[in-house]
Structures are given as structure tokens and as C-alpha cells.
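Presented below is the structure to which this report refers.
The values are calculated or read from the model by the stated rules, or taken from the named source; none is laboratory data. Nothing here was measured: the structure is a model prediction, and the numbers come from that model. Note that each Cβ is placed from the backbone with ideal geometry, even for glycine, and that neighbours are counted across all protein chains shown.
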């Protein structure tokens, strides 16, 4: 007779069997062709690994960047998987992904791995990855200010409904004079100085792109220096254009706080850093705009407690995810536990932030393991207090944390 299922085994089974809505990635709908990255070389030249590899090799920056994509991948493979044990989370992620495909990384044979990936059919590969990661839907990051991506949208490609859009507006809020010139070139009658007419045209631009890409929310990545309110273009655009647009379309504004751009330009995309944000700005936004909803995630560990406290005070604020420098098991455990203890299940513990399709596998396998541990601990503590959770309750809670709370906070997708 089999042994009774332990609490941890029950939680693990439910967490593993619950499909997830991945609310923030840098992936693209398969219809966007080469913009959707996948395969072993893309896994190896992911910027998490590139910055780590430069710590282990003496190769000049220029020599690395002038090399072909496959040569760069070989440099990273040699530095992180051959010359040193791949103990970092980013390296372990590559191994978890290869293992899920039934590939033996211990053979340390990069050409054989490339041969296997080259034999995959893109459409079938997408299906396989989503199945292995147990991901039911993906939210992309979509910027009309990216010329390559914009060209795809203007052709109105056929869409895979599992890949949902989010309208990214960093240049609009952080580089207004330059963005104003671009908007004028696209037929929007904006001026460099604040005016009612310019605000109306910015809202028209946002509405046009919201409808074109059928986005679920607007989003912006902000530096640690972000302040609100302030006597600058960013505050004016938020108050007069972006937040009115979000209210009109019933959509949240997602704020990704704490990125320091290009602290080491020689690393290119891998050269961004982190800084502690002043979350008074977030508090002021939530208090000044109670009819707007805000999604928020912070890059700095030092901001995590304050973010959760703000969420306790403002029901129009929804914390989400542990990304980039906080995407390690130790910090995900710490942050998720704190959120559970202060917010219950009214948050979204994780998003993959995947830039390469294959990463969905490891990011969700690793995150599911952490979530299982956090929930098991909390349910065990409830049992000590006289409350034994049922299977139905665990199933409900996990569904909330894997996208249900996010969907409820955002509301139904607009019919665009």
C-alpha cells in the first residue's frame, strides 16, 4: 500500500500541474520570425551569462563583440562550462533546459547540441517548450520605438493568441524631445513643450498602438532617480497623457523600478546595473491616482519590503516578479515569503523575464520549486495554528499566484 502523500508532495503536485500566465517576457509571437530567439547559441549569449563570462576570461571586449554569434557562444561555453563549474543560477538554467530536452550536457559537446537544435522545426519547438514549461500564455514587451519590431507590427502579422502584448513606452517618458520628433515623423502633431494639444496627440498615439497590438497594459522601466511628482516632462506626460489613457482603456501601468543603464558600456546589454529607488514616487502615484491601477516590481533587494508595505496600503498596487539580479532561488524565496506573510495571495510571485524561448523551461521549473517550498512552509504553520488546508484550497491559492490574481487585478482584456 503506497504511503500517504505528504503536505510537500501535495503542494508540489498542484504547483507542477497548474499552468502559468507569464506576465512579463521579452519573447515574441512566432509570427515575428527572427525576433523570437531560441537555441543553444542564444541561451549561451544571453546577457546574464555574458557578463559572468567576462569575469572568467581575459578576452578584450572588442574581440568578443566583433566575433560571430556562434564564436561568442563558444567563448561563454568554454569560460563557464569547461574551465569552471557552472554553479551560477544562469548556468544552471542552461543545464536544466538541456536536461528537459533529453540532452546530455556532461558530454561537453557543443557541436552535437547545435546539431540537435538545428534539426528542430520552429512551430513544433514552440509547442514543445510551452508544454515542458507548462505555460498557457505569455505577455510580451512591445515597443513602437523599436524600428525592427515596429516594421513587423505595421505588416499586421497573424497572431498566436497565447502571446499577449504589453505596450512599452520608456522613450516616451524618459526622452521626450527625441520621442516628440519621432511622433511628429509618424503624423502626430506634438510639440516639445507641454500643451493640451500635445497631450491629446500623445493619447492618440497610445490609443492607436494599444489597438494595433491589442496590448493588455502599458509598461515602463525606470531608473532609481525616478521621482513623482516632479517639474519635468515625465510627470507632465504621466498626468496628462499616460494615466488618462490607462483609465480610458481600463488598463494598468506597469512600473519596473531600479535599473541603472549602461554602468559598464563595454558589456553592452549586459552592462546595466541596479540602484535603490525612492518608492515615495510610487506611493504618490497610487495616492494621487486612485482610479488608476499600477503593477510594480523592484530590481533592488533593498526596495522589496517597502514595496510590499505600499501594496498593503493601496489596493490599486499589485507587486509582481523577481527579475534579473533578484532572480536567484535565495532571493525569490525571501521575497515570496515576505509577500505571502504581508499580502496573502494578492500578488504575482514571478514572471520569467525570458529573452530566449527555451528559458521558459528553466525559469518556471526553478520558480515552481521555490514556490512549493514557500507554500509548504506556510501551510504547515497554518496546521500548527489549527487550520488544515484542503486540496481545493491549495489549488485555488496556486491558481491565484500563477496568474489568477494578476488577471483579476488587470480586469478582462479590452475588446480592441
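Details
Quick grid of which residues meet (1) assigned to a helix (DSSP H, G or I); (2) touching a helix residue (DSSP H, G or I) at 6+ places or on another chain (Cβ under 6 Å):
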{"residue": "355", "(1), (2)": "no, no"}
{"residue": "361", "(1), (2)": "yes, yes"}
{"residue": "368", "(1), (2)": "yes, yes"}
{"residue": "378", "(1), (2)": "yes, yes"}
{"residue": "382", "(1), (2)": "yes, no"}
{"residue": "386", "(1), (2)": "no, no"}
{"residue": "389", "(1), (2)": "no, yes"}
{"residue": "399", "(1), (2)": "yes, no"}
{"residue": "405", "(1), (2)": "yes, no"}
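- Members of segment 152-184 that are closer than 20 Å to residue 221 by Cα and under 23 Å from the mean Cα position of the chain (by Cα): 164, 165, 166, 167, 168, 169, 170, 171, 172, 173, 174, 175
- Single condition residue 182 does not satisfy, out of (1) part of a helix (DSSP H, G or I); (2) touching a residue at least 40 places away in the same chain (Cβ under 8 Å): (2)
- The helices (runs of 4 or more DSSP H) located wholly in segment 280-344 that include 3 or more residues which are in contact with a helix residue (DSSP H, G or I) (Cβ under 6 Å, 6 or more places away or on another chain) and in contact (Cβ under 8 Å) with a residue 12 or more places away in the chain occupy 304-313, 329-343.
- Among the residues of segment 145-158, those that are surrounded by 12 or more Cβ atoms within 10 Å (Cβ to Cβ) and either free of Cβ contacts under 8 Å to residues at least 60 places away in the same chain or in the same structural domain as residue 358 (by TED's automatic domain parsing) (or both) comprise 145, 146, 150.
- Residue 351 vs. criteria at pLDDT 95 or above, over 23 Å from residue 137 (Cα atoms) and touching a strand residue (DSSP E or B) at 6+ places or on another chain (Cβ under 9 Å): no
- Among the helices (runs of 4 or more DSSP H) confined to segment 1-69, the ones with at least 2 residues that are in the same structural domain as residue 395 (by TED's automatic domain parsing) and surrounded by 20 or more Cβ atoms within 10 Å (Cβ to Cβ) are located at 7-17, 40-44, 47-54.
- Condition met for residue 369 (within 30 Å of residue 127 (Cα to Cα) and surrounded by fewer than 19 Cβ atoms within 10 Å (Cβ to Cβ)): yes
- Whichever residue in segment 244-258 is without any contact (Cβ under 8 Å) to a residue 60 or more places away in the chain and within 18 Å of the chain's Cα centre (by Cα) and, among such residues, is nearest to residue 62 (Cα to Cα): 258
- As for segment 241-251, it holds no residue that is part of a helix (DSSP H, G or I) and more than 30 Å from residue 193 (Cβ to Cβ).
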